[in-house]
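Some notes on the structure that comes next.
Please treat every number below as a calculation from the coordinates, not as lab data. All figures in this text were calculated on a predicted structure; none of them were measured in a lab. All Cβ positions, even for glycine, are placed from backbone atoms using ideal geometry, and neighbour counts span all protein chains on display.
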Amino acid sequence: MRAWMLPANATGFDQLRLRELEQPRPGPGEVLVRLRAWSLNYRDLMVAAGKYMGGGLQADAIPLSDGAGEIAGVGAGVADLKEGDRVQTSFFPHWTDGAPVTHVALGDGRAPGVLAEYVVLPATGVVPMAPSLSFAEAACLPCAGVTAWNALYEGPRALLPGMRVLVLGTGGVSTLTLAIAKAGGCEVFATSSQDAKLAKMRNWGADRTVNYRTTPEWGAWAKELGGVDKVVEVGGAGTAEQSMAALRTHGELAFIGVLEPEGGPNPRGLMMSAATMRGIFVGSTAMARRLNAAVEVNGIRPMIGRSFAFTQAPDAYAHAAGPDSFGKTVIELG
Ligand SMILES: NC(=O)c1ccc[n+]([C@@H]2O[C@H](COP(=O)([O-])OP(=O)(O)OC[C@H]3O[C@@H](n4cnc5c(N)ncnc54)[C@H](OP(=O)(O)O)[C@@H]3O)[C@@H](O)[C@H]2O)c1
C-alpha cells in the first residue's frame, strides 16, 4: 500500500515522502480500514514542524488523525462491524466514553497515523459515518467536528436554542461550530482576519461578523451587541482576554486552541460575569456517535474549502498553512 511518511525529527511538511509499505493485517479486536478521504487539522502542521506537545517525532511516522473509508477486514472477536461498512476514525481510539482515559491520539508518532491507503485500528476506535455524508465530509469530523460538538454540548453548560456562540477565525473547528450551533437554533458571531472570509461565514449562516485585525477590541464589540453565552476559543492565551470580554453572565469559554499561544489573560473577567472556562481535548468515540446522529438528523455539512488528490498531500498541507484556507482542507483518493 501507499502511505505518506514524515521522518524522525521532521521540521516541516516539505519532508513528507510517499512510500510503499506492507498492508497491515487486523489482529483480534481490530479492523482494517481502506481509507478514501482524509482531512487536515492545525495539529498536523505542528506535528510536521516538530512542535506538537512539546516535541518532534521520535521515529519515522505516518501522519494525520482524521480519515474515512470502508472496513476491508475484521479481526477475531469483532462482531459489530463488517466488510464494506463506512466508518470514520477516532482521534483518541481508546477513549470510548466517559472521562478521558488516555491521551494517545492517532498521527502524532505515538499511535498510527492514517495518511495511508490502509490502517489497522481497534474496532472500538472507529465510528460509523453519518449515512448522508461523503467520505470527504465524514473525514472532517474526527478532530474538528468532535471538538466543536464537545465544546457546545458535552459540558455542564450545554447549548440551548436561542443562545449565542462566538467563533474565532474561519478554520476547521470554527466553521464546524458554526454549522452545529446553527442547527441547534443558536445565533453565531464570527471573527476573521479577512472580510472576504466573513462574507463566506455569513453565507454559511453567521449572524454577526467582525474583522479581528481592524477591530482588535472584538470582545467589547460582542458585548455591546449583548454578549455571547459561549466562546469556542481556538486562539488560546493570546485571545482569551477578548473572549472573556465577550461573555454574558454565566457564559462559558471553551478553551481549545493554540493559534495565539502567547499572552496572559487576567481571569478576573470570568469572575465579573460568573462565567466558567472549560478545557477541551477533542472527545470520545461516544461523543463522535452523538455528533453523527445530530449531523444526520439536521443535515449538517462540514465546510470543505479545498480538496486535493492523495498524491498531492504536501500541496494540501501548504494550502492549510496558507492565508487562503477556509474551513476544512481535505485529501481524497483519486
Ligand atoms: N484542544 C483540542 O481538542 C483541539 C482540537 C482541535 C483544534 N485545536 C486547536 O484549535 C486551533 C484551531 O484548529 P483548526 O484545526 O480549526 O485550525 P485551522 O483550520 O488551521 O484554522 C486556521 C484559522 O485560524 C484562524 N486564526 C489564526 N490566528 C487567529 C487569531 N489570532 N484569532 C482568530 N483566528 C485566528 C485563521 O482564520 P482567518 O483566516 O479567518 O483569520 C485561520 O484561517 C488550533 O490551535 C488547534 O491546535 C484544539
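Mean projected area of the Cα convex hull of the stretch 189-334, taken over all directions, amounts to 10.5 nm². In a simple Cβ point-charge model (Lys, Arg +1; Asp, Glu -1; nothing else charged), the chain has a dipole of about 460 debye relative to its Cα centre.
At each listed q (0.13, 0.15 Å⁻¹), what is the log10 of I(q)/I(0) that the Debye formula gives for the stretch 1-144 modelled as equal alpha-carbon point scatterers? Result of the Debye calculation: -0.53, -0.71.
Each label was represented as a point 7 Å from its Cα along the Cα-to-Cβ direction; for Gln312 and Leu225 these points are 3.5 nm apart.
In the chain, what % of DSSP beta bridges are antiparallel (nearest 5)?
55
Over the chain, what per residue volume does the convex hull of the Cα atoms give, in whole Å³? Don't jump to the answer; show the numbers that get you there.
On the way: hull volume 41.5 nm³, N = 334.
Convex hull volume per residue, Cα atoms: 124 Å³.
Rounded to the nearest 0.05, the FRET efficiency derived from the C-beta distance between Arg268 and Ala79 at R0 = 56 Å is 0.55.
Between Ser284, Ser39, Ser273, the GNM of the chain built on Cα springs shorter than 10 angstrom shows Ser273 fluctuating the most.
With the cut-off at under 20 Å, measuring from each backbone N in the stretch 315-334 to a point 7 Å along the Cα-to-Cβ line of Ala199 picks out 323-328.
Report for the stretch 145-279 the percent antiparallel among DSSP-assigned beta bridges with both residues inside it, nearest 5.
On the way: 0 of 20 bridges.
Counting only bridges with both partners in the stretch 145-279, antiparallel ones make up about 0 percent.
Farthest toward the positive end of the dipole of the chain, out of Gly185, Ala72, Gly27, is the Cα of Gly185, where the dipole comes from beta carbon charges about the Cα centre. Over what distance in Å are the Cα centres of the stretch 234-305 and the stretch 23-71 separated? What the calculation gives is 25 Å, centre to centre. In the structure displayed, which of Lys51/Lys230; Lys197/Lys328; Lys182/Lys230 lie more than 19 Å apart, Cα to Cα? Table pairs above 19 Å Cα-Cα are Lys51/Lys230. Taking Ala76, Ala158, Ala286 as the candidate residues, the one with maximal mean-square fluctuation in a Gaussian network model of the chain, Cα springs under 10 Å, is Ala76.
Each peptide in 27-33, 256-262, 67-73 was scored by the mean count of other Cβ atoms within 10 Å over its residues; highest first, the order is 67-73, 27-33, 256-262.
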